[in-house]
1. Beyond 23 Å, what share of the Cα-Cα pairs of chain B is found? Please give it as a whole percent.
2. In the protein assembly as shown, if every C-alpha pair distance is counted and binned at 10 Å from zero, what percent goes to each bin?
3. Using packing as a proxy for protection, rank B:123-130, B:141-148, A:135-142 so that the peptide with the highest average count of other Cβ atoms within 10 Å comes first.
4. Once R0 is set to 22 Å, what does the formula 1/(1 + (r/R0)^6) return for the Cβ-Cβ distance between residue A:107 and residue A:45, expressed as a FRET efficiency to the nearest 0.05?
5. Let me know the mean shielding of B:51-57 by other chains, meaning the per-residue number of their Cβ atoms within 10 Å of its Cβ.
6. Quick one: work out the % antiparallel among DSSP beta bridges in chain B, nearest 5.
7. Would you mind getting me the FRET efficiency between residue A:120 and residue A:18? Use the beta-carbon distance for r and R0 = 25 Å, nearest 0.05.
8. Just subtract the alpha-carbon distance of residue A:128 and residue A:34 from 0.36 nm times their residue separation and send over the number in nm, one decimal.
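Bear in mind these aren't lab numbers, they're just calculated from the coordinates by the rules spelled out. In this text, all values refer to a predicted model and were calculated from it rather than measured experimentally. Neighbour counts run over all protein chains shown; Cβ positions are idealised from the backbone, glycine included.
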């Protein structure tokens, strides 16, 4: 069988945006996606890309996405990979594509000498949590991300 | 009064590592810091820096640190700043340096057109949580970071 995974190219941006929107709908935030083809193209394929993507393509259709960027840990003193979005379209699930995308990313992390591969999971997404635990991932339950954005960020910056 | 905040330079790396170690001890992980002067110098001041730092200097002593890097949100379609470490030495607390560091970072975020400023807090650190809430930050309590590292990452990558 042909390997369904490959590095995304600029020609995939429309498909990537479609999958990001499907993921947001699954996460009960269908109107949360403000990314556009132009902004994603700049982010992934501009002169100084700030993120990277793998896609899964089956029968000519892009059905899976892993979008990630590099982060850094002061404790390890090394870079890590942060998986921002992992998604497989409903009709393509159950064939191992999600695990294959995550495994490919783990391989990239090890290849680059990264200390960690990290990502975030919604607390109600028990199937995903069980799956991640089965892979050996640890839930960093004692930490909570805090966020300043929108008007609160602007106000505090003044 | 002279502004105690400034961009870190390569000459600050020894002080930055000292503050990172103090922070790890405060977070009850005194042996967790594997960063070295060399690794931090490469990360912050090498040819392709993957993180940046602000320091607070009072009476010739570096007493505060904000170490951060750029992340990316597919929903906003824009970059954000992630604050990896915020620390003020005990004898310099209570003078507003922590808030000043965070505010300077918020200003950098807004200046760069970032959508968000984010950081993580340990759940038992109630004084910090109260402080962040007072600034308008939201706790992203419904998300939990998952991590693959060490032997589990190597095993999964195979």
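1. 43 percent
2. 6, 26, 35, 23, 9, 2, 0
3. Highest mean packing first, the order is B:141-148, A:135-142, B:123-130.
4. FRET efficiency, residue A:107 to residue A:45: 0.50.
5. Whole-number average of other-chain Cβ neighbours for B:51-57 is 1.
6. For chain B, the DSSP antiparallel bridge percentage is about 85.
7. 0.70
8. Going from the current span to full extension adds 31.4 nm.
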